[in-house]
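K.L.:
Below is the structure I would like to discuss, written out as C-alpha cells.
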Amino acid sequence: MLARDGEDHYGRLVAHLYDRNGASMQQQLLQSGLALAYVQPPNLGNMGCYFAAEREARRSGLALWANLPLHPADLERGFAGYALVRSRIQRVRNTRRSLWIELEGGLSLRIAASDLSLFSALDFKNSVGRELEARGYIRPHRGRLRMRIRHPSSLNLM
C-alpha cells in the first residue's frame, strides 16, 4: 500500500508492506528490534502502531536496542545517516528560517519555521539543561553534525 506521498524527496518509494496474512512487515521489524520507527509528514499512517511495536522491543532490549540511544559525542565527526541520540539541551535559538536546538556532544537539531506549528505543545525555550532524545538523519555541515526534525514524534523531551 502506498503511503500518502508515494515518494520521498529523493524519489524513493514510500509504502507500507504487508505479508500474505495481512501483517505489517514494518511492525514485525520494529517488534524484533531490527528497525527504528520514523515518520515524515505527510506520511503519518500507522504511526501509533509503529511506535508501540518499537516500545515493546526497547523494553526488552532486543537487537538494536542493546546499544541505543547514542550520545552525539560518540558519533564520528563526519557521520552521516539515521540515528537515535540522547543528550542534554545546551542552547535553543531562533533564526528567521529555523528553530535550532544545540545538544551537548556537538549535534544541532533544526526545525524549519514552516514545521514549527506542529511543535506547539513543546516548550523548548524552558528546556535548556534537560535531556532530549532525537531521531532522524544526521548530516555533517561545516564541522558540526545536524539533524532536521520534521515531526514531534522524532523528539522525546525527558
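The values are calculated or read from the model by the stated rules, or taken from the named source; none is laboratory data. Small disclaimer: the values here were computed from a predicted structure and weren't measured. Cβ coordinates were reconstructed from backbone atoms using ideal geometry, including for glycine residues, and neighbour counts include every protein chain displayed.
K.L.:
Report, by residue number, each residue of the range 40-50 that is closer than 26 Å to Glu102 by Cβ and buried (at least 17 other Cβ atoms within 10 Å of the Cβ). Outline the logic, then answer.
P.N.:
Going residue by residue through the range 40-50, those that are closer than 26 Å to Glu102 by Cβ are 40-41.
Within the range 40-50, just Gln40 meets the criteria.
K.L.:
Another question about this same structure. Residue by residue through the range 19-46, note down the ones that are touching a strand residue (DSSP E or B) at 6+ places or on another chain (Cβ under 9 Å), modelled with pLDDT of 90 or more and hydroxyl-bearing (Ser, Thr, Tyr).
P.N.:
Within the range 19-46, just Ser24 meets the criteria.
K.L.:
State all residues of the range 58-93 that are within 16 Å of Arg135 (Cα to Cα), among the hydrophobic types (A, V, I, L, M, F, W, C) and in a helix (DSSP H, G or I); if no residue qualifies, say none. Talk me through it step by step, then tell me what you get.
P.N.:
The initial filter retains those residues of the range 58-93 that are within 16 Å of Arg135 (Cα to Cα), namely 58, 64-65, 67-75, 79-89.
The next check asks that each one be among the hydrophobic types (A, V, I, L, M, F, W, C); those that pass are 64-65, 68, 70, 73, 75, 79-80, 83-85, 89.
Correct list: Leu64, Trp65, Ala73.
K.L.:
State all residues of the range 105-158 that are of a type in the set (Val, Ile, Thr) and in contact with a helix residue (DSSP H, G or I) (Cβ under 8 Å, 6 or more places away or on another chain); if no residue qualifies, say none. Reasoning before the result, please.
P.N.:
Initially, the range 105-158 is screened for residues of a type in the set (Val, Ile, Thr), giving 111, 128, 138, 149.
Passing the criteria: Ile111, Ile149.
K.L.:
Select from the range 123-148 the residues that are surrounded by 15 or more Cβ atoms within 10 Å (Cβ to Cβ) and within 13 Å of Glu102 (Cβ to Cβ) and write down the one among them that is nearest to the chain's Cα centre (by Cα).
P.N.:
Ala134
K.L.:
Sort through Arg4, Arg93 and tell me the only one that's among the basic types (Lys, Arg), modelled with pLDDT under 95 and either surrounded by 15 or more Cβ atoms within 10 Å (Cβ to Cβ) or in contact with a strand residue (DSSP E or B) (Cβ under 7 Å, 6 or more places away or on another chain) (or both).
P.N.:
Values: Arg93 fails: modelled with pLDDT under 95.
Checking each option against the conditions leaves just Arg4.
K.L.:
A further question follows. Residue under question is Ile111, and the condition is that it be over 21 Å from Met47 (Cα atoms), of a type in the set (Val, Ile, Thr) and crowded, with 17+ Cβ neighbours inside 10 Å; does it hold?
P.N.:
Values: over 21 Å from Met47 (Cα atoms): no; of a type in the set (Val, Ile, Thr): yes; crowded, with 17+ Cβ neighbours inside 10 Å: yes.
The answer is no for Ile111.
K.L.:
Could you check, for the range 84-103, whether at least one of its residues is under 30 Å from Ser32 (Cβ atoms), hydroxyl-bearing (Ser, Thr, Tyr) and in contact with a Pro (Cβ under 7 Å, 6 or more places away or on another chain)? Don't jump to the end; show me each part of the working.
P.N.:
The initial filter retains those residues of the range 84-103 that are under 30 Å from Ser32 (Cβ atoms), namely 84-87, 103.
Subsequent filtering for residues that are hydroxyl-bearing (Ser, Thr, Tyr) retains 87.
With in contact with a Pro (Cβ under 7 Å, 6 or more places away or on another chain) added as a condition, the list becomes 87.
Looking through the range 84-103, at least one residue is under 30 Å from Ser32 (Cβ atoms), hydroxyl-bearing (Ser, Thr, Tyr) and in contact with a Pro (Cβ under 7 Å, 6 or more places away or on another chain).
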